[in-house]
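Inspection log for the structure reproduced underneath, given as structure tokens.
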Amino acid sequence: MSTMYVNKVQELNVGSGVQIPGHVIQVVEGTYDTQTDISSTSYVDSGLSVTITPKSTSSKMYVVTNVHCYINGTGLIGVKVVRDSNRVVEAQKALGYADNSSTIATLVKLDSPPMSNTNPITYKVQVNKYAFTGTARINQQTGGSRISVMEIAQ
């Protein structure tokens, strides 16, 4: 059996530039509460976005979005998160083929954006409709839609 003796335990000062891998450095949230009809069969900006300015060039970004989707008719709603014009995560069939129904489309992704500096990064949620007859919209219910981005130390 081993015995360990300690004369002094000192707290690690994380604020001194030491990065502990896996810890959350910062969190930002974007909201969009406006009821919006979806009329495009191509992806278009939904109005929901968030911008984060990384504190480190080695970080990853954990993206979580909840989009309130509603259909009255038949068809499919697609939801996608993009960084610049690059797809981060997509749910092509977030809601569909159930007349007068709603759901919350939740998309989650650990993103590794190319970072050579700490310039701001914008994540946007885009929506579209496929083979649709009737009404497709987001934010019909109260509470709206959200996107959160957490910077994760590596």
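The values are calculated or read from the model by the stated rules, or taken from the named source; none is laboratory data. The structure presented is a predicted model; accordingly, all values stated were derived computationally and were not measured. Note that we place each Cβ from the backbone using ideal geometry, even for glycine, and neighbour counts take in every protein chain shown. Side chains included, ligands, DNA and RNA excluded: accessible areas come from the protein's heavy atoms. Shrake-Rupley method; radii C 1.70, N 1.55, O 1.52, S 1.80 Å.
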Put +1 on the Cβ of each Lys and Arg and -1 on the Cβ of each Asp and Glu in region 52-143; which of V108, A131, T57 then has its Cα farthest toward the positive end of the dipole? T57
Reachable aspartates and glutamates, given that their alpha-carbon falls under 16 Å from the alpha-carbon of K129 and they are not under 8 places away in the same chain: D37, D45, E90, D99
If one computes P(r) from the Cα atoms of region 30-88, what percent of pairs lie at distances over 18 Å? 45
Calculate, for the chain, the solvent-accessible area per residue in square angstrom, rolling a 1.4 angstrom probe over the heavy atoms of the protein chains. 57
Mind giving me the nanometre distance, one decimal, between the label points for R87 and N72, set 7 Å out from Cα along Cα→Cβ? 3.1
Would you grab the residues whose amide H sits under 5 Å from the one on T41? Only those 5+ places off in sequence or on another chain, please, with H modelled 1.01 Å from N. K129
Heavy-atom accessible area order for M1, M61, M115, largest first, 1.4 Å probe: M1, M115, M61
Heavy atoms of the protein only, probe of 1.4 Å, neighbouring chains included. What is the accessible area of Y62 in Å², nearest 10? 80
Write down, largest first, the equivalent ellipsoid semi-axes of region 58-147 in whole Å, where each equals the square root of 5 times an eigenvalue of the alpha-carbon gyration tensor. 29, 12, 9
Taking the Cβ-Cβ separation of S116 and E29 as r and a Förster radius of 30 Å, what is the calculated FRET efficiency to the nearest 0.05? 0.70
The chain - convex hull of alpha carbons, volume per residue in Å³: 163
